[in-house]
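Only one structure is covered here, and it is reproduced in the block below.
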Amino acid sequence: MLRTAEPRDLDGIGALLADRGEPEDAVDHRLVVTDPDAGWESCAVVVAGDRVVSTATLLDETLNLDGVAIPAGQVELVATDRAHEGRGLVRALMAWAHERSAARGHLVNVMLGIPYFYRQFGYTYAIPLSANRDLVRAAPGSADTVRPATVADIPAMARLQEAEQARSNLRLPHSAALWRWLVARDGSTQWLVERGGEPVGTGRSTPSESGDHLSEVAAVDAAAVHALLRHTRATTATERPGTVAGDALEPLLAPAPPDAGAYYVRVPDPVALLDHLRPVLDARLAGSPFADHDGEAVLSFYRSHVRMPLRAGRVGPVVGGGTMQAPAAAGGAGVPPDLVASLLFGPHGLAGLTARHADVYPGPNADLLQTLFPPVTADLITFYVP
């Protein structure tokens with residue numbers, strides 16, 4: 001039976017998560033379900049009698065694209081008892097998570113997960129992960145001090161992260177609740193760098209077999225980054241291109257791998273999401289040759305399509321429609337449904353997707369559609385380190 005988790009399930013869920021993942025996962029689950037911002041209703045279980053045999057948890061998140069907040073959900077802490085695998089339990093839990101996600105007004109789902117598996121549930125790889133790279137050079141000395149962060153340090157850490165993330169089009173910051181869990185959890189350590197009593201840097205270290213891994217580094221200058229590296233004695237770090245911290249890390253890191261992977265993204269209703277993103281589309285038009293354009297932008301997903309009326313360079317309410325196999329006849333572009341997330345949140349934009357996929361078609365108004373859907377830079381920080 002699938003149902004919302006209850007306090008009586010805590011030990012069973014914890015044992016299952018520890019068995020199929022890490023012992024720290026049980027602590028993370030307890031932090032989530034006992035927090036008032038999440039609670040037991042954020043978790044579901046499948047039980048056989050009184051025994052928990054599968055579980056999943058849905059977290060509330062907020063993506064931000066060029067200043068527009070996008071309600072999002074993230075599925076985490078998924079596990080199934082070995083004896084109950086292959087029975088569709090995770091499929092049922094994902095359906096529960098997506099139903100709850102819709103009820104909570106989420107327009108996007110984003111998650112980390114094992115290769116391929118979540119593509120079965122409507123997810124696609126869309127937003128590149130930042131690479132984890134070996135540290136091959138020692139950091140210079142720094143007079144800054146480093147200490148474990150506390151709950152009282154959360155506002156300072158959030159400000160440091162906000163400053164670094166502001167350099168990207170698409171951001172996923174930690175929620176207030178997630179910050180509390182990160183400070184309290186066993187699986188990683190939050191650090192604060194101080195200079196004269198003022199916060200100047202932060203980061204998160206995770207133990208590994210070869211030494212600590214350092215991620216989510218945010219700082220006001222290179223000296224703060226160097227202090228963090230020397231204090232944690234990290235052997236690997238997550239790059240952060242285009243940021244103060246990233247610039248300080250780059251000379252110390254081994255070459256990046258050709259492909260670091262990607263976040264899973266699910267867009268359940270492209271019409272609702274595009275309509276929500278109209279302020280972003282307006283801003284893109286305003287800075288382009290189409291600033292005063294009147295007409296219509298048409299985007300086909302082949303089995304469905306959307307029409308976006310343009311008046312004086314602004315996008316009107318987005319209207320959905322049915323099958324459109326030949327979008328060129330309507331002056332539109334064609335993008336298959338499994339690439340919608342890549343179109344809206346990925347690094348290639350419509351032009352780049354056209355070059356990579358035979359079934360992406362820019363149409364006769366390619367310049368207009370490429371203006372509306374350019375490449376997007378992203379900086380996402382999540383509960384678990386990729």
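Quick one: which strands (runs of 3 or more DSSP E) sit completely within region 293-345 and have at least 1 residues that are over 20 Å from P375 (Cα atoms) and touching a Lys or Arg at 6+ places or on another chain (Cβ under 8 Å)? Break it down into steps so the answer makes sense when it comes.
Details: elements: 295-300, 305-311, 319-321.
Per the criteria, 295-300, 319-321.
Only residues that are more than 15 Å from R266 (Cα to Cα) and surrounded by 21 or more Cβ atoms within 10 Å (Cβ to Cβ): list them for region 66-78, please. Walk me through how you get there before you give the answer.
Just the residues of region 66-78 that are more than 15 Å from R266 (Cα to Cα), to begin with: 66-69, 77-78.
Those that are more than 15 Å from R266 (Cα to Cα) and surrounded by 21 or more Cβ atoms within 10 Å (Cβ to Cβ): L77, V78.
Among the residues of region 271-312, which ones are among the aromatic types (F, W, Y) and within 30 Å of the chain's Cα centre (by Cα)? Even if it seems obvious, please write down each step before you answer.
As a first pass, look at region 271-312 and keep what is among the aromatic types (F, W, Y): 290, 301-302.
Within region 271-312, F301, Y302 meet the criteria.
When both residues are 6+ apart or on different chains and their Cβ atoms are under 6 Å apart, which pairs have a first residue that lies in region 6-21 and is assigned by TED's automatic domain parsing to the domain that holds A38, and a second that is acidic (D, E)?
Pairs found: L17/D25.
Give the residue that is nearest to T4 (Cα to Cα), with candidates limited to residues of region 82-95 that are touching a residue at least 40 places away in the same chain (Cβ under 8 Å) and crowded, with 19+ Cβ neighbours inside 10 Å.
Among those residues, the one meeting the criterion is L93.
So which residues in region 354-386 are among the aliphatic types (A, V, I, L, M), closer than 19 Å to E296 by Cα and surrounded by fewer than 18 Cβ atoms within 10 Å (Cβ to Cβ)?
A366, the sole residue that qualifies.
Okay, residues lined up against (1) modelled with pLDDT of 95 or more; (2) touching a helix residue (DSSP H, G or I) at 6+ places or on another chain (Cβ under 8 Å):
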| site | (1), (2) |
| --- | --- |
| T150 | yes, yes |
| Q165 | yes, no |
| L170 | yes, yes |
| S175 | yes, no |
| R180 | yes, yes |
| V183 | yes, yes |
| E198 | yes, no |
| P207 | no, no |
| S210 | no, no |
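For A355, are the conditions met, namely being under 25 Å from Y264 (Cα atoms) and free of Cβ contacts under 8 Å to residues at least 12 places away in the same chain?
On the way: under 25 Å from Y264 (Cα atoms): yes; free of Cβ contacts under 8 Å to residues at least 12 places away in the same chain: yes.
When the stated conditions are applied, A355 passes them.
Can you find even one residue in region 40-56 that is among the β-branched types (V, I, T), surrounded by 15 or more Cβ atoms within 10 Å (Cβ to Cβ), more than 21 Å from L182 (Cβ to Cβ) and in contact with a His (Cβ under 7 Å, 6 or more places away or on another chain)?
yes
If the requirement is being acidic (D, E), at negative phi and out of contact with any Leu (no Cβ under 9 Å at 6 or more places or on another chain), which of these qualifies: D275, D379, D294, D359?
Working: D379 fails: out of contact with any Leu (no Cβ under 9 Å at 6 or more places or on another chain); D294 fails: out of contact with any Leu (no Cβ under 9 Å at 6 or more places or on another chain); D359 fails: out of contact with any Leu (no Cβ under 9 Å at 6 or more places or on another chain).
Sole residue among the options that is acidic (D, E), at negative phi and out of contact with any Leu (no Cβ under 9 Å at 6 or more places or on another chain): D275.
So, in region 242-262, of the ones that are in contact with a helix residue (DSSP H, G or I) (Cβ under 9 Å, 6 or more places away or on another chain) and not small (G, A, S), which residue ends up farthest from F383 (Cα to Cα)?
L252
The values are calculated or read from the model by the stated rules, or taken from the named source; none is laboratory data. Please read these numbers as outputs of a predicted model, since none were measured by experiment. For neighbour counting, all protein chains shown are included, and Cβ atoms are generated from backbone atoms with ideal geometry for every residue, glycine included.
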